[in-house]
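The next block holds one structure in the form of structure tokens; read it before the comments.
The values are calculated or read from the model by the stated rules, or taken from the named source; none is laboratory data. Because the structure is a prediction, the values reported are computed rather than measured. Neighbour counts are summed over all protein chains in view; Cβ atoms, including those assigned to glycine, are modelled from backbone coordinates with ideal geometry.
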Amino acid sequence: MEPSHYMLYLAAFLFCTGLVIVIVKRNAIMVLLGIELMLNASNLNLVAFNQWHSQALAGHVFALFVIIVAVCEAAVGLAIVVRVYRYFHSSAPDEIAELKG
Amino acid sequence: MNVPEFLFFFFTLLAAVTAVAIVFSKNVFKSALFLLCCLLSIAALYVLSFAEFLAVTQILIYAGGILVIIIFGIMLTTRISGKPLVVQNTNIVSGIIAGAGLLIVLVRYLPSVKPVSNNPALSAESIGVIGLTVFTGYSLPFEIAGLLLLIALVGAAVITSHLKSKA
């Protein structure tokens, strides 16, 4: 097995860890941390696959755009978390059930 | 085992261990620091797989930008109440089932992934190639990404502002 295969396994592991964090933690900021971890796992996949087609570099460019979108997501997500905390005095996603039918 | 291989496995192990530490940590601030460690070891893996530009971007944006935003968020959502930063866990069984199930499926099918064409890795001029690629073939997505960043900036500022709506 070559190193890029180990990177694929690491990316799968990190993605699943991020998924567990998103589901398990009772804090909106921890959920955002988990999402960042999942996005990084996808970037790791892109870099690993780009090693097999290293003439094109499309994987690196796409990972760059993924990082840009992750920045936007983190900024807007944390703004929403701060706003929700000011309104409900809680940052646990389960306790905020205003829209629940 | 030569030095690059040893570094590769060291940083792989470090990324995996710190990711697991985020799951078991009860403190949000410590989790953010574990995530910083994980992101930096991923940047080291980028360097070891000849993606230097991406590694620098990772360090600048994640370690310098997103982690600072997250720590600001932690400060803004805990200072008001004065409560400690302890985070409880919920949905433990379903979380473990979802994560372990996805991991089993991925690990089951990953060995069947084969390299299509095993080219030699690029040399040190890959940064110049990335610059040419971004500003010629991907110039429209680049502009759209800039617009997206502007919209996110304005949106984050508006969401957190104290202005009352007129309606």
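Every listed requirement among (1) within 7 Å of another protein chain (Cβ to nearest Cβ); (2) touching a Gly at 6+ places or on another chain (Cβ under 8 Å); (3) closer than 26 Å to B:PHE50 by Cα is met by A:PHE65 save one, (2). Criterion first (modelled with pLDDT under 90, more than 7 Å from every other protein chain (Cβ to nearest Cβ) and crowded, with 21+ Cβ neighbours inside 10 Å) does A:ASN43 satisfy it? Criteria not met by A:ASN43.
Whenever a residue of region B:64-87 is more than 8 Å from chain A (Cβ to nearest Cβ), its partners that are assigned to a loop (DSSP other than H, G, I, E, B) and modelled with pLDDT of 85 or more, lying with C-beta atoms within less than 9 angstrom and at least six residues away or across chains, give the pairs B:LEU85/A:ASN27; B:LEU85/B:LYS26; B:VAL86/B:LYS26. Pairing residues of region B:138-167 that are modelled with pLDDT of 90 or more with residues that are loosely packed, with under 11 Cβ neighbours inside 10 Å, at Cβ distances under 9 Å and at least 6 apart in sequence or on separate chains, gives B:PHE142/B:PHE135. Those helices (runs of 4 or more DSSP H) of chain A in which at least 1 residues are under 23 Å from B:VAL154 (Cα atoms) and of a type outside the set (D, E, K, R), considering only elements entirely within it, cover A:28-50, A:58-88.
If you go through region A:6-31 and keep only what is touching a residue at least 40 places away in the same chain (Cβ under 8 Å) and within 7 Å of chain B (Cβ to nearest Cβ), you end up with A:MET7, A:LEU8, A:ARG26, A:ASN27, A:ILE29.
Selection over region B:21-53 of residues that are at pLDDT below 90, of a type in the set (A, V, I, L, M) and closer than 30 Å to B:ALA157 by Cα gives a count of 1.
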